[in-house]
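Notes follow the structure.
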Amino acid sequence: MKENDQTASQSEMSVASEQATHDYLAEHPRFFQRHPELLDRLRIPHTERGAVSLIEKQVDVLRSRNRSLERQLKSLIQTARDNEKASERLHQMTLRLTDAASLDDVLATAQDGLREAFRLEASVIRLMVTEDQAGTPELVSASDPIMQKLSERLRGGRVRCGDSLEEPVAKFLFGERSAEVRSTALIPFGGKPLRGVLVLGSDDAARFRPEIGTVYLSRLGELVGAALERFSP
């Protein structure tokens, strides 16, 4: 056998043996518990400190996992705190809307209150009315082309987050602030047929992502819609 062929054959045998050892240890994770004397003979290269024992390497792995779990726990705690704050803000908004004495009060309370309480760049309400009832930014004819576009987007009655709004739609909703808004939540209210839309706008592109949960936003739309229904023309 040529020397090159012999070397290649030995290399293949070494790889096969290494794989067999790997497979055996994977199937028998308690092997070193039964043979602890082997641990003292094992050395694993380490880029920072030369060589460390298998036990020390395992400790490093466990510490890394622990840090990852700590980060996850902190994230869950922060989410819980954020949800608690959001619930309190929703409660305060409910009280203010309950005290509203007119349609103008509801509109002002909902738009200004949401913008301030949730630190938004924009909070907009567009209520669909007949031609003779339209005339203010909030009261828009149901036949308005842009309202028709919004109605089409919300045809399923679901909250839409992260939609890229065409410039005419953004201008229609946010006016001069349209350039500041980088993410939006379109919240329908009024059931079927659609009675209107509550639009939240943020300068944070990640604030209203398509994949975020919308249960809270849906409840917000139900709350505003119920308050408007008391005074709707």
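Only the coordinates and a few stated rules stand behind these numbers; no lab work does. Since the model is a prediction, treat every value here as computed from it, not as a measurement. All Cβ positions, even for glycine, are placed from backbone atoms using ideal geometry, and neighbour counts span all protein chains on display.
For A122, the residues whose amide H sits under 5 Å from its own are G201, ignoring neighbours fewer than 5 places away on the same chain, with H placed 1.01 Å from N.
Label separation (S64 vs R219): 4.1 nm, computed from points 7 Å beyond Cα along the C-beta direction. Excluding same-chain neighbours fewer than eight residues apart, the lysines reachable from K171 by a Cα-Cα span under 29 Å are K149, K192. Whole-Hz Karplus values for region 182-196 come out as 10, 8, 9, 10, 9, 10, x, 8, x, x, 10, x, 4, 9, x Hz, taken residue by residue from phi with 6.51 cos²θ - 1.76 cosθ + 1.60 and θ = phi - 60°; glycine and proline positions read x.
Think of region 52-99 as having a plus end and a minus end, set by charges on the Cβ of Lys, Arg, Asp and Glu; of Q58, S68, A86, Q58 sits farthest toward the positive end of this dipole.
Each residue of region 214-223 was assigned a 3J(HN,Hα) from its phi angle through the Karplus curve 6.51 cos²θ - 1.76 cosθ + 1.60 (θ = phi - 60°); the sequence is 10, 4, 4, 5, 5, 5, 4, x, 5, 5 Hz, with glycine and proline shown as x. The H on the amide N of R158, modeled in the peptide plane, is under 5 Å from the matching H of no residue at least 5 residues off or on a different chain. Compactness of region 101-229 was expressed as the Cα radius of gyration divided by 2.2 N^0.38 Å, which yields 0.96. Close amide H partners of S183, meaning residues 5 or more places away or on another chain with modelled amide H under 5 Å apart, are S202, D204. Remark: spin-label model distance A205-S17 equals 5.5 nm, labels positioned 7 Å along the Cα→Cβ axis. Computed from backbone phi, the HN-Hα couplings of region 147-158 come to 5, 5, 4, 4, 4, 5, 5, 9, 4, x, x, 9 Hz, rounded to whole numbers (Karplus: 6.51 cos²θ - 1.76 cosθ + 1.60, θ = phi - 60°; Gly and Pro given as x).
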